[in-house]
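Enquirer: A single structure is presented below for examination.
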Amino acid sequence: MAVDALDTRILRLLIEQPRTSVREYARILGIARGTLQARLDRLEREGVITGTGPFLSPAALGHPVLAFVHIEVTQGHLDEVGDALAAVPEIVEAFSITGAGDLLTRVVARDNGHLEDVVQRLIQLPGVVRTRTEMALRERVPHRLLPLVESVGRDVGERR
């Protein structure tokens, strides 16, 4: 989907000021509320905006340990293992991957002992061959999309 300069400005505001009203966004952008709403509806319909709501901190919820667990799966059992991962509350994300494994999970835990318990639970799942765990030490670049949004907006402007 092509994102133009106005879309980029809208997305920037949504990221930087997520609790602002549509009316206030329109005022800040200097556009009609209906224009803004139409843009927001299109961005949602086309899958650019995928949701709204608070971003929660696992650390603040008592789970400060972050690890990435690679899971190797018995051939033909990827879907079953993937479905079973959804039942593990400490898994906050899981992806099918290429390379030295079949799945990559982002796991949070209360402490190292709890992480070990979670990994042991994963090893017991039918179809799991082995796991490899990497501990995150410090976040260097937090999850962000604004630089990408701005880059896409610039690219569209340059193509015109």
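The values are calculated or read from the model by the stated rules, or taken from the named source; none is laboratory data. The model shown is predicted, which means the values in this text are computed figures rather than measured ones. Neighbour counts run over all protein chains shown; Cβ positions are idealised from the backbone, glycine included.
Enquirer: What number of residues within the range 1-25 satisfy the criterion of being in a loop (DSSP other than H, G, I, E, B) and surrounded by 13 or more Cβ atoms within 10 Å (Cβ to Cβ)?
Expert: The qualifying residues number 3.
Enquirer: State all residues of the range 55-101 that are modelled with pLDDT under 95 and either closer than 30 Å to T8 by Cβ or buried (at least 16 other Cβ atoms within 10 Å of the Cβ) (or both); if no residue qualifies, say none.
Expert: Of everything in the range 55-101, those that are modelled with pLDDT under 95 and either closer than 30 Å to T8 by Cβ or buried (at least 16 other Cβ atoms within 10 Å of the Cβ) (or both) turn out to be F55, L56, S57, G101.
Enquirer: Looking for whichever is assigned by TED's automatic domain parsing to the domain that holds V128, among the small types (G, A, S) and part of a loop (DSSP other than H, G, I, E, B) here; the options are G47, G76, G82. Which one fits?
Expert: Only one candidate qualifies: G76.
Enquirer: Return the residues of the range 32-54 that are in contact (Cβ under 8 Å) with a residue 24 or more places away in the chain and either of a type in the set (D, E) or loosely packed, with under 13 Cβ neighbours inside 10 Å (or both); say none if nothing qualifies.
Expert: E46, G47, T52
Enquirer: Going by the structure shown, is E72 over 25 Å from L104 (Cβ atoms), out of contact with any Cys (no Cβ under 6 Å at 6 or more places or on another chain) and among the acidic types (D, E)?
Expert: For E72, the condition - over 25 Å from L104 (Cβ atoms), out of contact with any Cys (no Cβ under 6 Å at 6 or more places or on another chain) and among the acidic types (D, E) - is not met.
Enquirer: Mind listing whichever residues of the range 119-146 are assigned to a helix (DSSP H, G or I), under 14 Å from H70 (Cα atoms) and either in contact (Cβ under 8 Å) with a residue 40 or more places away in the chain or in contact with a His (Cβ under 7 Å, 6 or more places away or on another chain) (or both)?
Expert: Answer for the range 119-146, where residues must be assigned to a helix (DSSP H, G or I), under 14 Å from H70 (Cα atoms) and either in contact (Cβ under 8 Å) with a residue 40 or more places away in the chain or in contact with a His (Cβ under 7 Å, 6 or more places away or on another chain) (or both): V119, L122.
Enquirer: With the requirement that a residue be within 18 Å of L85 (Cα to Cα), of a type in the set (V, I, T) and touching a residue at least 60 places away in the same chain (Cβ under 8 Å), what does the range 57-75 give you?
Expert: Of everything in the range 57-75, those that are within 18 Å of L85 (Cα to Cα), of a type in the set (V, I, T) and touching a residue at least 60 places away in the same chain (Cβ under 8 Å) turn out to be V69, I71.
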